[in-house]
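First the structure, in the form of structure tokens, and then the observations on it.
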Amino acid sequence: MRAAVISDIHSNLPALEAVLAAIDGSDAEIEEIWCLGDIVGYGAQPDECAGLVSERCEVILAGNHDLAALGELDISSFSAAAAEAVRWTMESAAETTMEMLRALSPSGARAGVGLFHASPRDPVWEYVLSVDQAAECMQLQSQRICLIGHSHVALYFVREQGGEPLTHGAQAPDATSIDLAAQTWLVNPGSVGQPRDGDPRAAWLELDTDRLSAVFHRVAYEIEKAAAPILESGLPRHLADRLYAGQ
Ligand code: ZN
């Protein structure tokens, strides 16, 4: 199975369109698209993004922002801007978008790969950014290869076997390729609609579950086209500004 993995779209339609165009134009002959959640929240085009994701993705998980927009999550730990975006999405998104989100779960599996919005230990909330955390998550995961989103940072962690298990990891810039043939893996494709790893370009991951390999990709898109609707809709200005910095 050759899959494209996307995550954390956050109502950013221009970024989603750019990633889908890159997937369609890639020589990887992608057969399926898997989305790890956070389709809405932060950005101003939830309905367009939910529509495209339902149309194009074979697997769709729920993220914490999707659950928050449905009123299914306590958002007291959200930042002020994130909470405001949740309220805006609740008021502005179409009922069909809410219906689509309601059907989703934050974890799943496909082609022998574990899929989690946040982490194998806590599919909704945990940000896996340190080696120690990743090592703990890997002890719990039942699939050798698991994909996660949520932190908006393209990265991987790998646990080497033999003697004492040793876990290490790294951020994964554009064109990083990884060999998944052995060891235990936690891989984050990065974020489509609000990258936070300093590269403002939209992120996606090419995964081949037969050859057991993956390649990280970044795609430039017209950030002003995502920023303008955010400003026009009265969402916090910071949510538009951060897109340019990739933070
Ligand atoms: Zn997110």
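Computed quantities for the displayed model
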{"quantity": "Modelled FRET efficiency - R0 41 Å, ALA109 with SER233, Cβ distances, 0.05 increments", "calculated": "0.70"}
{"quantity": "The chain: antiparallel DSSP beta bridges as a percent of all, rounded to 5", "calculated": "70 percent"}
{"quantity": "Phi to ³J(HN,Hα) by Karplus 6.51 cos²θ - 1.76 cosθ + 1.60 over region 144-154, Hz, x for Gly, Pro", "calculated": "5, 10, 10, 10, 9, x, 6, 7, 6, 10, 6"}
{"quantity": "Within a Gaussian network of the chain (alpha carbon springs, distance under 10 Å), most fluctuating of ALA154, ALA109, ALA93", "calculated": "ALA109"}
{"quantity": "Potential extension, HIS168-ALA182 segment - 0.36 nm per residue separation minus Cα distance", "calculated": "3.6 nm"}
{"quantity": "Over the chain: helical MRE at 222 nm, DSSP H runs n ≥ 4 each giving -39500 (n - 2.57), nearest 500", "calculated": "-9500 deg cm²/dmol"}
{"quantity": "Apportionment of accessible area to carbon and sulfur, region 62-216, percent (1.4 Å)", "calculated": "49 percent"}
{"quantity": "Rough spin-label spacing in nm, given labels placed 7 Å along Cα→Cβ, for ARG2 and GLU55", "calculated": "2.3 nm"}
{"quantity": "Top of LEU13, LEU36, LEU52 by mean-square fluctuation, Gaussian network on the chain, Cα under 10 Å", "calculated": "LEU52"}
{"quantity": "Acute angle (nearest 10 degrees) that the helix 46-56 long axis makes with the longest principal axis of the chain, alpha-carbon atoms", "calculated": "40 degrees"}
{"quantity": "Extension gain, GLN143 back to GLU91 (0.36 nm per residue minus Cα-Cα distance, nm)", "calculated": "14.9 nm"}
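The values are calculated or read from the model by the stated rules, or taken from the named source; none is laboratory data. Bear in mind that the values here come from a model prediction, so they are computed numbers and not experimental data. Note: ideal-geometry Cβ built from the backbone for every residue, glycine included; neighbour counts use all protein chains shown. Each accessible area value is taken on the protein alone, full model and side chains, heavy atoms only, with ligands, DNA and RNA left out. Shrake-Rupley method; radii C 1.70, N 1.55, O 1.52, S 1.80 Å.
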